[in-house]
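Beneath this line is the structure, given in structure tokens, with notes to follow.
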Amino acid sequence: MSLLFSPFKLPSPRGGLDLANRIVIAPMCQYSAINGEAGDWHLAHWTNLLNSGAGLMTIEATGITAEGRITPDCLGLWDDRTEHALGSQLQRARKLAPPMPVCIQLSHAGRKASSAAPWHGGQLLPADQGGWQPVGPSALPQLPTEAPPTALTPEQMAQIRDAFVVAAQRARRIGIDAIELHAAHGYLLHQFLSPLANQRTDEFGGSLENRMRFPLEVFAAVRKAFDGPVGMRVSATDWVEGGWDQAQTSEFARRLKTQGCDFIHVSTAGVSPLQKIAVGPAFQVPFASAVRKASGLPITAVGLITEPQQAEAILQAGDADLIAIARALLYKPRWPWEAAAALGGQVTASVQYWRCLPREAQAIFGNVRIGQR
């Protein structure tokens, strides 16, 4: 039997979350919100993803404050208005697709906030173009050509921690099943972890223990507030000498486990323009495997995993428990259907699609058959 199409239970304090298969739709920023509110684009996008046959859908990086968004166009969940918009569009999308658990990635962009959308260059925006003053662990800019962020005070850090908690509570109210905290790709929690971005001299900087302190505080607070699965996305290496690395990630994962972490989604990079990434098929999988061995936690692997057999081999080797698909699924929205046909698995699909399969692939819908007129 294909491991990719075997069920998996994400642990949680209230008994776990059952996934029909091991395919996770990774969070993918759409830069299409209006003042943080989900809209028609999200309705169409989520409906499409929920009809993909994956085991879990993760909503894109969602700002826990307005100032924590990557761009002015990013999704948010920080007040009643953004909660209503996200909840309403998600509820509508769920009515148009088979049941699928939904996770949300909660995020604060830190010094990478107030940026333009990628197709507008991705650089920091001045106030007269809709930007705002970013914050970070230290007054160190992402790029040497950018203005530095404001270094956070402990009081401001406590406010951000509490904003993560409130966003998690809002997520529960609108029926979201799991939470992934974003500590990867150079955003705020990753900035605290990495010595390249965190040069504080107080109890939140310097040693590994100190640099982990704030991300662990945020995790513990959200864990206490949310009774479904709570995990974290990490960058396992900065790909820069002297930066955050695999050994530190493994220790961080072990510490997360002691605080009730339910899964870790292993990515890399994003905190420094000096990064030198060894890109290739499944290039991040060795990091996922190392974190899995070090922590014993359920691990999601991601990064240039594009073929069904490739995904299956990662699971068979014991390198990960779940496989996250991102851009490949945007390009092929029915990627899980193709994987099921290739690996002998089955998926659930809306009845309107039952007649679409070529004869040789019809077994992926089980025993369902629709006659032709």
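The values are calculated or read from the model by the stated rules, or taken from the named source; none is laboratory data. Quick caveat, the model's predicted, so the values are computed rather than measured. We place every Cβ from the backbone using ideal geometry, glycine too, and count neighbours over all the protein chains shown.
Summary of computed values
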{"quantity": "Any hit, segment 122-144, residues being more than 24 Å from the chain's Cα centre (by Cα), of a type in the set (Ser, Thr, Tyr) and at pLDDT 95 or above", "calculated": "yes"}
{"quantity": "Selection within segment 332-345 - farther than 12 Å from residue 364 by Cα and not in a loop (DSSP other than H, G, I, E, B)", "calculated": "335"}
{"quantity": "Failed condition for residue 176, given (1) at pLDDT below 95; (2) in contact with a Cys (Cβ under 9 Å, 6 or more places away or on another chain)", "calculated": "(1)"}
{"quantity": "First in segment 215-244 and more than 20 Å from residue 109 (Cα to Cα), second anywhere and among the charged types (D, E, K, R) and modelled with pLDDT under 95, Cβ under 6 Å, 6 or more apart", "calculated": "227/14"}
{"quantity": "In segment 332-365, residue surrounded by the fewest Cβ atoms within 10 Å (Cβ to Cβ) [restricted to those that are polar (S, T, N, Q) and touching a residue at least 40 places away in the same chain (Cβ under 8 Å)]", "calculated": "350"}
{"quantity": "Which numbered condition residue 179 misses (of (1) assigned to a strand (DSSP E or B); (2) without any contact (Cβ under 8 Å) to a residue 60 or more places away in the chain)", "calculated": "(2)"}
{"quantity": "Condition met for residue 85 (out of contact with any Cys (no Cβ under 6 Å at 6 or more places or on another chain), under 24 Å from residue 298 (Cβ atoms) and not charged (D, E, K, R))", "calculated": "no"}
{"quantity": "Extreme residue, farthest from residue 63 (Cα to Cα), among residues of segment 133-176 that are of a type in the set (Val, Ile, Thr) and outside any helix (DSSP H, G or I)", "calculated": "145"}
{"quantity": "Answer from 223, 173 - the residue that is among the basic types (Lys, Arg), closer than 21 Å to residue 80 by Cα and out of contact with any Ser or Thr (no Cβ under 9 Å at 6 or more places or on another chain)", "calculated": "173"}
{"quantity": "Selection count where residues are free of Cβ contacts under 8 Å to residues at least 60 places away in the same chain and surrounded by fewer than 18 Cβ atoms within 10 Å (Cβ to Cβ), scope segment 152-174", "calculated": "9"}
{"quantity": "Answer residue from segment 1-47, given it is more than 29 Å from residue 259 (Cα to Cα) and charged (D, E, K, R) and is surrounded by the most Cβ atoms within 10 Å (Cβ to Cβ) among those", "calculated": "37"}
{"quantity": "Residues that are under 23 Å from residue 133 (Cα atoms) and under 18 Å from the mean Cα position of the chain (by Cα), drawn from segment 166-191", "calculated": "167, 181, 182, 183, 184, 185, 186, 187, 188, 189, 190, 191"}
{"quantity": "Matching residues in segment 92-123 - criterion: being surrounded by 22 or more Cβ atoms within 10 Å (Cβ to Cβ), closer than 23 Å to residue 196 by Cα and out of contact with any Phe, Trp or Tyr (no Cβ under 8 Å at 6 or more places or on another chain)", "calculated": "111, 115"}
{"quantity": "Number of positions in segment 236-247 that are over 20 Å from the mean Cα position of the chain (by Cα) and part of a helix (DSSP H, G or I)", "calculated": "1"}
{"quantity": "Segment 265-283, subset out of contact with any Phe, Trp or Tyr (no Cβ under 9 Å at 6 or more places or on another chain) and in contact (Cβ under 8 Å) with a residue 24 or more places away in the chain, residue farthest from residue 198 (Cα to Cα)", "calculated": "281"}
{"quantity": "Residue 320 closer than 30 Å to residue 250 by Cβ, touching a helix residue (DSSP H, G or I) at 6+ places or on another chain (Cβ under 7 Å) and in contact (Cβ under 8 Å) with a residue 24 or more places away in the chain", "calculated": "yes"}
{"quantity": "Residue that is within 18 Å of residue 58 (Cβ to Cβ) and in contact with an Asp or Glu (Cβ under 8 Å, 6 or more places away or on another chain), where the choices are 301, 341", "calculated": "301"}
